[in-house]
Every structure is written in C-alpha cells, then in structure tokens.
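A short worksheet on the structure shown next.
The values are calculated or read from the model by the stated rules, or taken from the named source; none is laboratory data. The structure presented is a predicted model; accordingly, all values stated were derived computationally and were not measured. Positions of Cβ are backbone-derived with ideal geometry, glycine not excepted, and every protein chain shown enters the neighbour counts.
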Amino acid sequence: MISTVNLVKHFGSLEVLRGISLAVNQGEVAVIIGPSGGGKSTFLRCLNGLETFDGGEITVGDCALQPGEADRPQREKVQKIRRRLGMVFQQFNLFPHLSVLDNVAIGPRRVLNMPRGEANERAKGLLARVGLSEKMNERPSRLSGGQQQRVAIARALAMQPDAILFDEPTSSLDPRMTAEVLAVLADLAKSGQTMIVTTHAMNFARRAAHRVYVFQDGVILESGPPEQIFERPQQRATAEFLRETAA
Amino acid sequence: MPSGLRRILLGLLAGVASLWLAPTARADRLDEIKQRGELVWGGDESGGAPYVFKKEEDGKYYGFEVDIADEIAKELGVKARFQQGEWVQLPAMLDKGDIDLALNGIELTQDRQENYLCTRPYYVYGLQLLVRQDSSIQKWEDLDDLKAKGKLTFGVLEGTAAEEYLKKRYGADLVKSFDNAKLAMKELEEGTISATLQDDCFAIYFADDYPKIRFVGRPIAPGLYVGMVKKTEPRLLAAINQALDKMIQDGRLKKIYDHWDMAGRAQVVSLRNAAEIKLAASGSDIQKILLNSFPFLLKAAGMTVFLAVASMPLAILIGILIAIGRMYGAWFVAKPLSVYVEVVRGTPLMLQLYFIYYLLPSVGISLPPLVAGVLGLAINYSAYEAEIYRAGFQAVPSGQMEAALSLGMTRRQSIFGIVLPQAFRIVIPPVANDFIALFKDTSVCSVITIVELTKQYEIQFQNHPGALVQLAVVTGILYMLMSYPLSRFSRWSERKLAGKKFTGAHGQVAPV
C-alpha cells in the first residue's frame, strides 16, 4: 500500500532522513516511535509531499514518486498521492473561519466536487462517529483540544483516504483529551483503516500497532511486532529509549 | 457627540477665529514698503508669457507685468520683487501679508472689488475663441450646432472670466478646466476638446507656437485686469493708482505694451474709456455665499465619494493578486511585482495621474478623466494594499495551507479558499484606514480636470474670496462627515478582531 525505499532528506547540511525503507500493507497500523528529532514527522511530511526529499523513492498504491523539481508532472503525482492519504496534525490545523461541519465537508466539496447536501450528509455521519454531532454548527475555537482533534480526524476520513497519517496526534493534549482521541484511533484501527502514526503514547503503540518502527537519527533502529519491540528489543538504544520514556 | 469629534470641531473654530482676528493689527503697509525699500508683488510664473515668465538663461523674470511692477515700484521710490505663488492662492497670500500687491491677469469682478482694494485697470482684455485648423467651426454660431449634436467640449483656464463665460453660455458640463492655459491648448491640438477660450493677449502672443490652431472671430466680452491690495491699505492703493495714472499719461505704459507687441496705443485709448466696461456680478453676503456654494460643494462631495468607492475595491483586488504573486509565485512573477510595488509607492500620486492622463494619449491610449482618476487611485493604492495583504497572508499560520493541501486541494484552492478568507479578516482595520486616506487623496484628481470637493472649494473661493475661511470650514466638515463613519468602522472592526482571536495553529482557546 505505502512503501519507501532508501528515503533521504536534508535540511541544508543536516541529514534528517538517512535511508528509510519500510512498507505498510492495506489494513495495517504502523506506529513510529523514537526520540524527538529522529525524523518521524519529517518522514510523514515527505510521504504526502509537504516536504520534498532528496533521494530514494516513495510508492503509494500504483503511484511512485522520485525526488525532482516541482514541475507539472511531479505536482500532479503529489496531488494524486495527497488524495489517497489523509493527514492529522499535532496542532489540528482546523480552519478557524469555517464551522465544524464545513471543516469536514469542505474536502469532498472542493476536491471531489461533491454537491453540498451530499457532502454535509457524509460530514454529519463522520461527526457522529467521532461523537461530536452536537458541535457541528460551532466554530472550532469553541471546542476543546481533544474535540478539535476528533474533528480533524473526521475531516481526514471525509476524503475516504486509502491511509491516514497521524503526526503526533495527542502531543499537545492533556491526559483526559489524549484518551478520547486515542479511543477514536483504536476504533479506526479495529475497522481496518490503514494508518501510520507517530506517537509518544507507548500503551497505544503496544495495543493497536501491527508493526512498530523505532526512528533515531534519521534511520530505522529496528522494527517488528509490538510484543517484540516492547518485550525483547534487539538494540540497546531501543531499550534505553523505552526505559527513559517509561520513567 | 463623541468627545473626540467635539475636540476637533472646537479646534477648527479656534483656528478660524485666530485667522479672522490676526491680520487686523498691523502698521500701514505703504510705510513698511518704503522702510524695507521693496515692493513685493505676487504672480504665477506658470501662467507664463507674456504676463510673467522666467528665462532659463539668466533665471530672471520677464513679462509686461514685470515691467509694470518695476515702474510702479520706481514711482514709490523702491525696488520691485516678484514673489511666486499659485494663481488661485494670490488672494490668500494678500490676506496673510506675504505680498503687498497681486498683479497677474486678475480680472475685475464685483466680488473682488468688495473684498479687496482693486487698482485702476492697467489692461483691457477680450476673450478669443480658438479651434483646430481642420475644425468645422467658422463662427460662434457654429458652436450651437455642435452642441446640438452633442459633440461640443471646451477646455479653459480655471478661475477665469473665460471659464465663467462658457459655463454660463453652454453649461458647466461641457467645460473642462485646467490649471494651466497651455494644457488646454495641448488638448485642443490633440483634438480631445473642440475649442478653447483664452484671453486675447495670451492667444496672440502664442499664435505662432500652435500652428494647428486658428482664431475664430474677434475677441468678445471685454474685461479689465487690475492689481489687488488688502482692504486695510487705502494709502498703498492710492499710491499705486497714482503711479499707474502717471504711466498712462507719460506714455510709459504704451511703451511697455509696444515692447511686448500688445498694441500699446489701442490699450491706452481703451483704458481711458474703461469706465464703460461692466463687471461680472456676484454676491457678497457671507451667508448668501455659503448658501449658494453649498449645493456645489455637496455635488462635488458626491464626486469624491464616487472616486473613493470606485477605486478602493479595484485597489484591493489588484493588491491581493500582487500579494499572492509575491508570496506564492515563482521568482519571475515575484520579482517584477516587487519592482511594481516599489515604483508605485516611490512616486507621487499626482505624477502618476499626470502620466496616465497627459502622457498615455501620446502612445494612443486616451482615457476620459474619470476613468484615468479611478485607475490612477487604484494603481497607487494597490501597492499599499499589496503590502497589507502580504502581511495578512504571513499572519495566517502555515499549518492552514498544509491542512488544505493535505486534503488534496490544489495550491490555488488552498490560497483562495482557506488562506485568503482568513487574511481578509486580519487586514480589515489597516485597509479601512487606507480607505480613509484614499478618501482625502481623491483631491489630487483635480489635476486632471475632475471637479471633486477640494477643487470645488477652490472654485468657490475664487469666486468669493471674502468667504475663503468659511468655505474651508464647510468643506472640512463635509470631509469629516464622510470619513468619520469609516474611522468608526475601522476602530470597531479592530476591537472585534482583537476580542475574537482565531486559534488556527495553537490548540488552546485564548480566554476571551
């Protein structure tokens, strides 16, 4: 479904990604953990073209992307990939000038040219799914952080993406709000939604992930099923990271 | 009434009162002139030959009025010094005491006679009709046919008897007024107006410089040029009149006119019989003047509103497109746009209007004054709006653009559908502020013959120099009435936006 081969990314002289290769299958939940500055966010942002990359290849479905100038064919490829991948940000990035309902419906309306009525129906269904039906006419600024993030998830789902990328979705939330957002994520995982999640919430990774990747200094330190990573880490650095996180 | 407005009005009134009171207490001007050894006389060199003009070679002033002023000064036992001033400002310069004597083709009118002391006439003028060589106009009556066909337009020097005459006879709508008689001549040569009416001495003096233009008929509606001094200076007036009388008697005036090829003998004979020439009538009572002028000022205020309301949306539209081009465009789009902004911001609006109205016709683009005015204002302000919107775009968190893109929207959809609506709200206060500024800048459009509020004020005080200050107060109040609601709106929107902050980038809601 999604794969990268030897993905490389620099910011000037700083090498942020130093050859990342991984593959996520349909219906799989991949969780990326690791210390801050390890390249987790940059990796997700490269996947849907919010960052350019300098080497290797990204494949989403039948669409393969190599590094290149932002010319027309490249832009069209990125556009195609973005339609297949949803994205949920740490800071939610809801559109403050639109109502909650419009935040969810605007994607289908603008990108899929869906009639307003149909898009609103879809949005209402998704808001019900994340438990926010009664907030649909509010502005995002009236919602709590956890509620905003659930709207952001509904907004991503509205495009019916093949996969959703979650960029530290609970890092700016307090524990109670974190729990309500993780509940939605767990529900999505159970329904077979393909997801890539970067997170510091280890319990979630342990419970929901099919496969866990540990990023450090721009490389994959190790990867495997959660029980292996959390119970029998192969690398000393992984064990250290997990110990520090638990402390 | 809000306290701010009341304070401003009180300030205005205090200013008016001081203007009224200040000039009354002063020593006799004639003594002062003799003491200082200098007669300071005012004129406008941009009126040019044969009245007053500067020669490039020596930087000195020449003209028949220069010669007359020199002779008058000699009679007073002093030297003459020319003081440059805008023609329409000469009465104000007299009032302020900047000049002793205004002497520059000033026509004798009843109104001037009532508000200033006018010297005895020193020249009898007539109004000469001028048309293009290839024009169908052969006599004055032909103008009526042309008017009936709707093809008649005049250009004329503003504030002159010629302007009054044409407006009265053919209607104000057909008469375009220029700051400078030569601009009217140029327009006539280019065929944008059908005729002009000029004082005969000007027309004759420049006849050879305009080969494409010919005279129609004899000069009409004769009138008198007089000098003006302040009403409080009867001794100065008497001394000047005595000097002029002497110059007429001993042939010096004839010699001056002969030197300038202005038919000296005919002039002197006409001047001796000048008593028969009628004055243009006008009211004098200040209340009556204000009542008469008010409808004109109100109509002109309408023009001011039109100019502002028509040009601002255009300026905003162009400004937004420039801001987007500079923010999101490739370098070959962004670079020229930033040059555009610098050039437009770095040059005066008046120059830009001159360029659009007077220079573009030479490359075949001839715009009507209103279109040129709206376009000029829009272009000028577009540079400022572009900068405001650029700041507005930068104030929208980058996550907004990223969220839109990751939904699969194109860059264009993201900019116009997501970022622009947010930037739009952020910039409401500064844009409203600019709108107020533009409101007042519309006055610059007077240089391209548009009569808006400030121009109409100028016209009114030329006709009624005695009510100069009162007319200014009325005009000022009209401007304030128009811009005050805007500034209220600006402040209201600022408050509203400050209270209701978006929380686009940062999750937590700011306490309201």
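In segment B:206-238, of all residues being within 15 Å of B:Arg29 (Cβ to Cβ) and surrounded by fewer than 22 Cβ atoms within 10 Å (Cβ to Cβ), the one that is nearest to the chain's Cα centre (by Cα) corresponds to B:Lys231. For beta carbons closer than 6 Å, sequence separation of 6+ or different chains, a first residue in segment A:76-93 that is facing chain B (nearest Cβ under 9 Å) and within 20 Å of A:Ile58 (Cα to Cα) and a second that is buried (at least 22 other Cβ atoms within 10 Å of the Cβ) and of a type in the set (Ser, Thr, Tyr), the qualifying pairs are A:Arg82/B:Ser406; A:Met87/B:Ser406. Taking A:Glu180 as the residue in question, decide whether it is surrounded by fewer than 21 Cβ atoms within 10 Å (Cβ to Cβ), at pLDDT below 95 and under 30 Å from A:Ala105 (Cβ atoms). In short, yes. In segment B:239-265, the qualifying residues are those that are of a type in the set (Val, Ile, Thr) and within 26 Å of B:Asp98 (Cβ to Cβ), and the one that is surrounded by the most Cβ atoms within 10 Å (Cβ to Cβ) is B:Ile240.
Of the set (1) surrounded by fewer than 18 Cβ atoms within 10 Å (Cβ to Cβ); (2) touching a residue at least 60 places away in the same chain (Cβ under 8 Å), all apply to A:Glu134 but (2). Out of segment A:94-105, which residues are buried (at least 24 other Cβ atoms within 10 Å of the Cβ) and either modelled with pLDDT under 95 or more than 9 Å from every other protein chain (Cβ to nearest Cβ) (or both)? Passing the criteria: A:Val100, A:Asn103, A:Val104, A:Ala105. For segment B:155-201, the candidate set comprises residues that are part of a helix (DSSP H, G or I) and acidic (Asp, Glu); within that set, the residue that is farthest from B:Met350 (Cα to Cα) is B:Asp200. Every condition in (1) farther than 21 Å from A:Asp162 by Cβ; (2) in contact (Cβ under 8 Å) with a residue 24 or more places away in the chain; (3) part of a loop (DSSP other than H, G, I, E, B) holds for A:Ile220 except the one numbered (3). Within segment A:16-37, the set of residues being within 25 Å of B:Gly399 (Cβ to Cβ) and touching a Gly at 6+ places or on another chain (Cβ under 7 Å) comprises A:Val16, A:Leu17. Of all residues in segment B:250-275, those that are under 13 Å from B:Tyr122 (Cβ atoms) have Cβ atoms under 6 Å from Cβ atoms of residues that are surrounded by 13 or more Cβ atoms within 10 Å (Cβ to Cβ) and acidic (Asp, Glu), 6 or more apart or on another chain, in B:Arg252/B:Glu71; B:Ile256/B:Asp67; B:Gly264/B:Asp258. The residues of segment A:129-168 that are more than 30 Å from A:Gly39 (Cβ to Cβ), hydrophobic (A, V, I, L, M, F, W, C) and more than 12 Å from chain B (Cβ to nearest Cβ), listed by number, are A:Leu132, A:Met136.
Tell me, yes or no, whether segment B:423-445 has at least one residue that is out of contact with any Asp or Glu (no Cβ under 8 Å at 6 or more places or on another chain), part of a loop (DSSP other than H, G, I, E, B) and within 14 Å of chain A (Cβ to nearest Cβ). Looking through segment B:423-445, at least one residue is out of contact with any Asp or Glu (no Cβ under 8 Å at 6 or more places or on another chain), part of a loop (DSSP other than H, G, I, E, B) and within 14 Å of chain A (Cβ to nearest Cβ). Which of the residues that make up segment B:222-261 are part of a strand (DSSP E or B) and either over 24 Å from B:Gly466 (Cβ atoms) or of a type in the set (Phe, Trp, Tyr) (or both)? Hits for segment B:222-261 are B:Pro222, B:Tyr225. All conditions in (1) at pLDDT below 95; (2) touching a helix residue (DSSP H, G or I) at 6+ places or on another chain (Cβ under 7 Å); (3) small (Gly, Ala, Ser) hold for B:Ser311, with the sole exception of (1). No other residue among A:Lys9, A:Lys40 is buried (at least 22 other Cβ atoms within 10 Å of the Cβ), more than 15 Å from the chain's Cα centre (by Cα) and charged (D, E, K, R) apart from A:Lys9. Beta carbons closer than 7 Å, at least 6 apart along the sequence or on distinct chains, pair a first residue in segment B:278-293 that is assigned to a strand (DSSP E or B) with a second that is among the small types (Gly, Ala, Ser) and modelled with pLDDT of 75 or more for B:Ala280/B:Ala161.
Okay, residues lined up against (1) at pLDDT below 75; (2) within 14 Å of another protein chain (Cβ to nearest Cβ); (3) in a helix (DSSP H, G or I):
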position: B:Lys455; (1), (2), (3): no, no, yes
position: B:Gln462; (1), (2), (3): yes, no, yes
position: B:Gly476; (1), (2), (3): no, no, yes
position: B:Ser483; (1), (2), (3): no, no, yes
position: B:Phe489; (1), (2), (3): no, no, yes
position: B:Ala505; (1), (2), (3): yes, yes, no
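Of the residues in segment A:114-121, not one is at the interface with another protein chain (Cβ under 8 Å from one of its Cβ atoms) and outside any loop (DSSP other than H, G, I, E, B). Inside segment A:41-53, can you point out the residues that are away from every other protein chain (no Cβ under 14 Å) and at pLDDT 95 or above? Matches in segment A:41-53: A:Phe43 only.
Every listed requirement among (1) touching a residue at least 12 places away in the same chain (Cβ under 8 Å); (2) over 15 Å from B:Ser406 (Cα atoms); (3) of a type in the set (Lys, Arg) is met by A:Arg155 save one, (2).
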